[in-house]
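Before any comments, here is the structure.
Each reported figure results from applying straightforward, stated rules to the coordinates on display, with no laboratory input. Everything quoted here is computed from the prediction, not taken from an experiment. Positions of Cβ are generated from backbone atoms using ideal geometry, with glycine treated the same way; all protein chains shown enter the neighbour counts.
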Amino acid sequence: MSKTNNKDFWNGPLTGSRIKSDDVKLPEMLIGYFIGPFGALLASGIFTSILQNYFTDVLKLNLTFLTTLQLFSTILIVAANLIVGQLIERTRTMAGKARPWILLSALTLSVASVLMFVVPFEGTAKMVWIAIAYNLFYAVAYPIYNTANSTLIPVSTRDSKQRGALASFTNVAGLAVMGAGSMVFPILVSFALKENQHLWLVAMTAIAIFSALTIFLQFKFTRERVTEEQMSQGAEEEKTVKTASLKEQLSAVTSEKMWWIVMLFYMGFQWSGAMKNGSMTYFCKWVMDNTFFGTADAWGASQSLLSIMGAVPMAVAAVAIVPLCNKFGKRIVCMTGMLLGAVGGVIAIMGNGQIVPVAIGVALKCLGSAPACYMILAMLADVIDHIEYKAGIRTDGLTMSIYSSIMVAATPVCNSIFSAILNASGYDQAADIALGTAAQTAAAQTAISVGYIWVETIAYVICAVLIFFFTIEKNLPEEQKAIAARKKAIQDSGLMGSQIGIIFISPCPSKVTFIQEPLGLKKSNVDAVLAIQDIYPLLLPHMKQAEKQPKSLAMSGKIGIGWGISGGEAAGLLSNSYVAADGIENVIRVLEDLEDEKFPENLQFIELNSCNGGCVGGVLNVENPYIAKAKIKQLNKYLPVSKQRVEECPQLEPKELFWNDTVTYEPVYQLGSNMIESMQQLSEVEKLLRELPQLDCGSCGAPTCRALAEDIVKGKLNAKKEDCIYLLRDYYDALKNSPLFKEEKKHETICHCGGWACRLRKKHRC
């Protein structure tokens, strides 16, 4: 099909989008992201709540068969989600890459949702029919819609605020679906449908027709603006951006601890919730005291009440979760929520089937689950950014496919496990509901209570422990800025992400130390540090051939250039309330006076430079520090005060430019753990100090020779005497006169290979 015909097809009266605006308006939000998903997911919400009960109490299916079916189907479901995700990623049409699959799901999802309720056979043929119909829904129809719907939000617009609004509408639709499935439909089943299979078919057919109409409306009232943009650009983006292979993505995610933490957290949260949902009807039927509503078989009313008690706290929490996470962090809020949910579970357990305490416990459990429910996608996004920062590749497709697989597989896996539990406990499928709690044995009631309350309560405690170790939020802003810088470098240079790193050019040896052992971080965000004196000779010949009109230093301004000399940073405050000192002895004096509280309370800033004169006096600089200082002062006469360039980085916010963390106390440096050990090590320090030149040049990375000696004795940063360039020079001079060196030089003269190549090969190959 030609591009023109393809474009005409997707612009037809049935297939063309009614959304023409470049901005997301209310009709698109309401119809495309609330009404559409609500109708599409309605059948799934009902199945989550009541399908297991339909299989056991209406169709009277064998529990062993159900266990086997649901476990086997899980494999197909996971594979289907991965395949559909890859198919959507490779779809290229002017209608988008997700919307064509949403249109297809209007047919597949509506048909598949009805087939399980037709059941024209009995015996073995009935089980075969149910197996086929079950997998058509969960392994074909549902993955098509769910994956396409999840993909739709990021490709609808590049505006992050509009994306947030769309996600909110979709989340509300999901909550409405769960409410309808767990509140309204159980009452319909309890008082109208009961065990009449014909009435079940009529009800699900009506729902299927409603789903098909709403899915079609979602297709008509959505638009993939980002996909259209990429299609208009042709293949230019694909030429410059390398998509990571599945193997590379798997390697990146499986080697990242934070990815495992979030995935295990979500699996525990989602699967325990699925176990609760699948056993809820049984709990309300056979464990709850339904005489509260006047009759023992009013289980539908009990289930609706418990659903309402769970839904209301979650709806209220939706308003507060984001502000709380912004203030305290997602880790703390989610961990607190999980512990609160566990407390609610304990209360529900102690309720012993009485409606009031069980309802209170359920309300607390659902309130505690709200942070995890609303924040899991945000935490996954943080992990994806973190992986991109470390590995240089995006893993959105793989991560979201696995996430979707965990979500979709939760219901069949947990229903299968619950079926096995019911079978083992002696559950009576033919029990009379009118008898209430007396209809099932104590073992069956205990098994049902374990599925509904105990599993989720224990899972919440485990999830709280897991999320405690989720520690990437603190450094994420810096990592995101590093990602943005790497992307720009890829775009400008044409290199691959793995070939680009963050390199800091500095005259300061202390920066090397900070990279190796960063304060408050496990790993520095900077990959390496280069000394100016190392890179300057390499750049000098290129600088002579550079463009004749380089970018003006006025872009940095006086404040930017002035940072090179002592007091330059403090001058940027445009305030007189500061102290600036340079030279290691002066720095020590200022720190001691600061500890003794000798400075006035209105002091705003303290600038300390170990090197005399500031950074221009760094030992790794090329130019004479006094000449460099004079040049900076001369430049300051003609440059503007400041030139801000933050407007080029709209992703930066002022809050990210400030450090608000509490300064942690560092204990006084001690050589040994006790007086005897300290005296012994002090003697070693003095001995080493006599071997060092005691010039305190700082080229080793330590501020003084004594500091280097102390680092060697303490074994910090693998410090050694050869870190001193003067001792290293002496060592090299001694090595040149060694017999081994002379032998290698002789070999090199004969073979012209450097000697080592032939030595490794055990024979001459030159």
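Which value, in debye to the nearest 20, describes the size of the charge dipole of the range 19-237 about its Cα centre when Lys and Arg Cβ atoms bear +1, Asp and Glu Cβ atoms bear -1, and nothing else is charged? Please list the in-between numbers first.
Values: 15 positive and 13 negative charges, 29 e Å.
Taking the Cα centre of the range 19-237 as origin, the dipole is about 140 debye.
Ratio to report: Rg/Rh of the range 341-497, with Cα atoms as the point set and Rh obtained by the Kirkwood method; give two decimals. Show your work: numbers first, answer last.
Values: Rg = 22.7 Å, Rh = 19.4 Å.
Radius of gyration over Kirkwood radius for the range 341-497 works out to 1.17.
Placing +1 at every Lys and Arg Cβ and -1 at every Asp and Glu Cβ, with all other atoms neutral, what dipole size does the range 1-107 have around its Cα centre, in debye to the nearest 20? Mind showing how you got there, number by number?
Details: 10 positive and 6 negative charges, 72 e Å.
Dipole of the range 1-107, to the nearest 20 debye: 340 debye.
Could you give the distance between the Cα centres of the range 264-291 and the range 563-600, to the whole Å?
63 Å
Stokes-Einstein at 37 °C, 0.692 mPa s, Kirkwood radius from Cα pairs: D for the range 101-226 in µm² s⁻¹? Walk me through the numbers before you get to the answer.
Details: Rh = 16.4 Å.
Answer, rounded: 201 µm²/s.
On alpha-carbon atoms, Rg over Rh for the range 50-154 using Kirkwood Rh?
Working: Rg = 15.7 Å, Rh = 14.8 Å.
Radius of gyration over Kirkwood radius for the range 50-154 works out to 1.06.
Greater than 22 Å separation of Cα atoms is the criterion. Which listed pairs, Lys257/Lys390; Lys257/Lys720; Lys60/Lys194, meet it? Could the numbers behind the result be given before it?
Working: Lys257/Lys390 12 Å; Lys257/Lys720 33 Å; Lys60/Lys194 13 Å.
In this structure, Lys257/Lys720 exceed 22 Å between Cα atoms.
If you keep only loop residues by DSSP, which chymotrypsin sites (Phe, Trp or Tyr not before Pro) in the range 398-485 have at most 13 other Cβ atoms within 10 Å of their Cβ?
Values: sites: Tyr403, Phe418, Tyr427, Tyr452, Trp454, Tyr460, Phe468, Phe469, Phe470; in loops: Tyr427, Phe469, Phe470.
Taking the range 398-485 and a limit of 13 other Cβ atoms within 10 Å, the loop chymotrypsin sites (Phe, Trp or Tyr not before Pro) found are Phe469.
Tell me, Asp527, Asp57 in order of fewest to most beta-carbon neighbours within 10 Å? Write down the numbers at each step before the final one.
Details: Asp527 13, Asp57 20.
Sorted ascending by nearby Cβ count, the order is Asp527, Asp57.
Quick one: order Glu256, Glu623 by neighbouring beta-carbon count within 10 Å, fewest to most. Please list the in-between numbers first.
Working: Glu256 19, Glu623 14.
The order, fewest Cβ neighbours first, is Glu623, Glu256.
Can you report the principal axis dimensions of the range 249-408 using only the alpha carbons, biggest first, rounded to whole angstrom?
For the range 249-408, the Cα spread along each principal axis is 63, 32, 22 Å.
Which Cα, out of Ile472, Val461, Leu364, lies furthest along the positive dipole direction of the range 259-472 (beta carbon charges, K/R +1, D/E -1)?
After comparing all options, I get Ile472.
Give, rounded to the nearest 20 debye, the magnitude of the charge dipole that the range 406-481 has about its Cα centre when Lys and Arg contribute +1 at Cβ and Asp and Glu contribute -1 at Cβ.
Details: 2 positive and 6 negative charges, 20 e Å.
Here the range 406-481 has a charge dipole of around 100 debye.
Would you order Leu689, Leu166 from fewest to most other beta-carbon atoms within 10 Å of each residue's own beta-carbon? Can you show the working numbers first?
Values: Leu689 15, Leu166 23.
Least crowded to most crowded, the residues run Leu689, Leu166.
What order, most packed first, do the peptides 571-580, 702-711 have when packing is the mean number of other Cβ atoms within 10 Å of each residue?
Values: 571-580: 14.1, 702-711: 20.8.
Put in order of decreasing packing, that is 702-711, 571-580.
Quick one: plug the Kirkwood hydrodynamic radius of the range 6-56 (C-alpha pairs) into Stokes-Einstein at 25 °C, 0.890 mPa s, and report D in µm²/s.
Working: Rh = 13.8 Å.
Estimated via Stokes-Einstein, D reaches 178 µm²/s.
The range 450-488: which trypsin sites (Lys or Arg not before Pro) are DSSP loop and have at most 14 other beta-carbon atoms within 10 angstrom?
Values: sites: Lys474, Lys481, Arg486, Lys487, Lys488; in loops: Lys474.
Passing both the DSSP loop test and the Cβ count: Lys474.
Step by step: find N for the range 6-96, compute 2.2 N^0.38 Å, then divide the Cα radius of gyration by it. What's the final number? Numbers along the way, then the final one.
Values: Rg = 19.5 Å, N = 91, 2.2 N^0.38 = 12.2 Å.
This ratio for the range 6-96 stands at 1.60.
What is the distance in Å between the Cα centres of the range 326-342 and the range 28-81?
If you average the Cα positions of each part, the centres end up 30 Å apart.
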